[in-house]
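The values are calculated or read from the model by the stated rules, or taken from the named source; none is laboratory data. If you're wondering where the values come from, they're calculated on a predicted model, not measured in any experiment. Reconstructed Cβ throughout: ideal geometry from the backbone, glycine too, with neighbour counts over all protein chains shown.
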Amino acid sequence: MMTCKEATEASVRKSQGKVSFRERFDLALHFMACKYCRLFAKQQAWIDQFLSNGSDVKDQLTDEEKSSIKTKINDPQTI
Amino acid sequence: MPIHALHPDTWVDQYGAQLLGYAVKRVPERDVARDLVQDTFVTAIRSKDKYRGEISEKNWLYLILKSRILDHYKKKKETLASDIGNEEEEDQFFDQKGNWLQDKLPKEWTTDKMIRNDEFMSIFERCRQNLKEIQRMVFTMKYVDGEDSEVICKELDISSSNYWVLAHRAKLSLRQCIEKNWFEQ
């Protein structure tokens, strides 16, 4: 029988498509006996959808930064 | 005949913000991200003779930035090694037999809170920011860029077992943080 630690790791690997047939079977067996790991797997799946959204960092260069970068890349020493 | 050409004069205004946005998602400190973007332009200018015009200048700049970011991680390898963690390290979630620690047991989440709104997203974002730098980077490569775990291991030069320890811990921490700060509030 898998431990909870192994089951949650297998669950993470499963979510990335990296479990063997044997592990898939062991995991299903563990899930039948353990409601906590079942919860973990279900909640993980829910969390994953937000991870793929990326963070909504909208970032702009300030005018100062822009001109400093421009100076730098136009500097003959750079080139 | 090359299809694309370079127009360095327009780079900063045209691509600066997009490249910065890309970098900020991958390195937490904005100043570092900005410097990496600047490096990207400098590297691009210096190697413009190598540009063959086979891809657009925008994609070319992204490629340079991406390799700059990976270099940044490789340079910090020693500090990151401790963030990756290893199997022997004391476990925050499980006892020695591999059972959940009592106070870490996942709780039932009420369905009426399983919604996506601005408040939830800001908590989610805070929990993501609480992860270790390398954990965040791996999540971005995995979920935003959609890269395969094997590719990520190669790019960051970490072993596959390190990768799974890291991904496992990151998921445990993120789940716990969301539970504590959203579902139990």
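Out of the residues in the range B:160-178 meeting the condition of being among the charged types (D, E, K, R) and facing another protein chain (nearest Cβ under 8 Å), tell me which one is nearest to residue B:141 (Cα to Cα). So, considering only residues that are among the charged types (D, E, K, R) and facing another protein chain (nearest Cβ under 8 Å), the one nearest to residue B:141 (Cα to Cα) is B:171. Being closer than 22 Å to residue B:91 by Cβ, more than 8 Å from chain A (Cβ to nearest Cβ), among the charged types (D, E, K, R) and assigned to a helix (DSSP H, G or I) is true for just one of B:126, B:136. Which residue is that? Just a single option satisfies the conditions, and that option is B:136.
Among residues of the range B:23-51 that are in the same structural domain as residue B:12 (by TED's automatic domain parsing), those with a beta-carbon under 7 Å from a residue that is loosely packed, with under 14 Cβ neighbours inside 10 Å and not acidic (Asp, Glu) at least six positions away or on a different chain give the pairs B:24/B:30; B:42/A:78; B:45/A:78; B:45/A:79; B:46/A:79.
For the range B:82-136, residues that are within 17 Å of the chain's Cα centre (by Cα), at pLDDT 90 or above and among the hydrophobic types (A, V, I, L, M, F, W, C) total 3. Candidates B:155, B:179, B:147: the one that is surrounded by fewer than 21 Cβ atoms within 10 Å (Cβ to Cβ) and not in a helix (DSSP H, G or I) is B:147.
Of all residues in the range A:5-21, those that are farther than 16 Å from residue A:42 by Cβ have Cβ atoms under 6 Å from Cβ atoms of residues that are crowded, with 21+ Cβ neighbours inside 10 Å, 6 or more apart or on another chain, in A:19/A:10. Annotation: residue A:42 fulfils all but one of (1) out of contact with any helix residue (DSSP H, G or I) (no Cβ under 6 Å at 6 or more places or on another chain); (2) farther than 28 Å from residue B:182 by Cα; (3) surrounded by fewer than 16 Cβ atoms within 10 Å (Cβ to Cβ); the unmet one is (2). Of the helices (runs of 4 or more DSSP H) lying entirely inside chain A, the ones with 3 or more residues being more than 30 Å from residue B:124 (Cα to Cα), more than 7 Å from chain B (Cβ to nearest Cβ) and out of contact with any Pro (no Cβ under 9 Å at 6 or more places or on another chain) are found at A:21-33, A:63-74.
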